[in-house]
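The values are calculated or read from the model by the stated rules, or taken from the named source; none is laboratory data. Remember, it's a predicted structure, so these values are computed and weren't measured experimentally. Here the Cβ positions follow ideal geometry from the backbone for every residue, glycine too, while neighbour counts run over all protein chains shown. Accessible surface is based on the protein model in full, side chains and every heavy atom, while ligands, DNA and RNA are left aside. Shrake-Rupley method; radii C 1.70, N 1.55, O 1.52, S 1.80 Å.
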Amino acid sequence: MDGVPAPHTAWTFVTSHARVLAAIADDHHIRIRDIAARRRLTERAVQKIIADLEQDGYLSHTRTGRTNTYEIVPGKVLRHPAEAGTGLTVASLLALLVQDEAERTAQPSAPSRHSTA
């Protein structure tokens, strides 16, 4: 299939759900096609993730013409029991993810502030 990203089979620290949410936080009018391309997911996977996030109350959307506008619920506590007990919210998670993304795209040649070197 043309346009389908190569599968990633190794584990990662950040879930696809968090990656999609961060993409939406960066652009509330982003298209599913663009999320899929940026996050190396299929469009179908992104649709499923958005449906999951909406079903559990982390995200909603309104349709205007052919465009979706997404709204994230920033105060919603993360769903895993380990995070729920700490009160860690979507806003806290996104602050880390979106900030890191902005740093990486703004200065691609600069070393990360998280570098161990």
So for segment 38-55 (the condition being assigned to a helix (DSSP H, G or I), among the polar types (S, T, N, Q) and more than 17 Å from Leu93 (Cβ to Cβ)), does at least one residue qualify? yes
Identify all residues within segment 35-82 that are of a type in the set (A, V, I, L, M, F, W, C) and without any contact (Cβ under 8 Å) to a residue 24 or more places away in the chain; write none if there are none. Ile35, Ala51, Val73, Val77, Leu78, Ala82
Looking only at segment 101-117, filter to residues that are farther than 22 Å from Arg33 by Cα and under 19 Å from the mean Cα position of the chain (by Cα); which one of those is modelled with the lowest pLDDT? Glu103
Matching entry among Ala51, Ala82, Ala10 (being modelled with pLDDT of 95 or more and out of contact with any His (no Cβ under 8 Å at 6 or more places or on another chain)): Ala51
Kindly indicate the residue of segment 46-93 that is exposed (fewer than 11 other Cβ atoms within 10 Å of the Cβ) and charged (D, E, K, R) and also nearest to His17 (Cα to Cα) among those meeting that condition. Arg63
Taking Thr15, is it open to solvent by 30 Å² or more (accessible area, probe 1.4 Å), β-branched (Val, Ile, Thr) and in contact (Cβ under 8 Å) with a residue 12 or more places away in the chain? no
Of the numbered conditions (1) at pLDDT 85 or above; (2) surrounded by fewer than 18 Cβ atoms within 10 Å (Cβ to Cβ), Ala22 fails exactly one; give the number of that condition. (2)
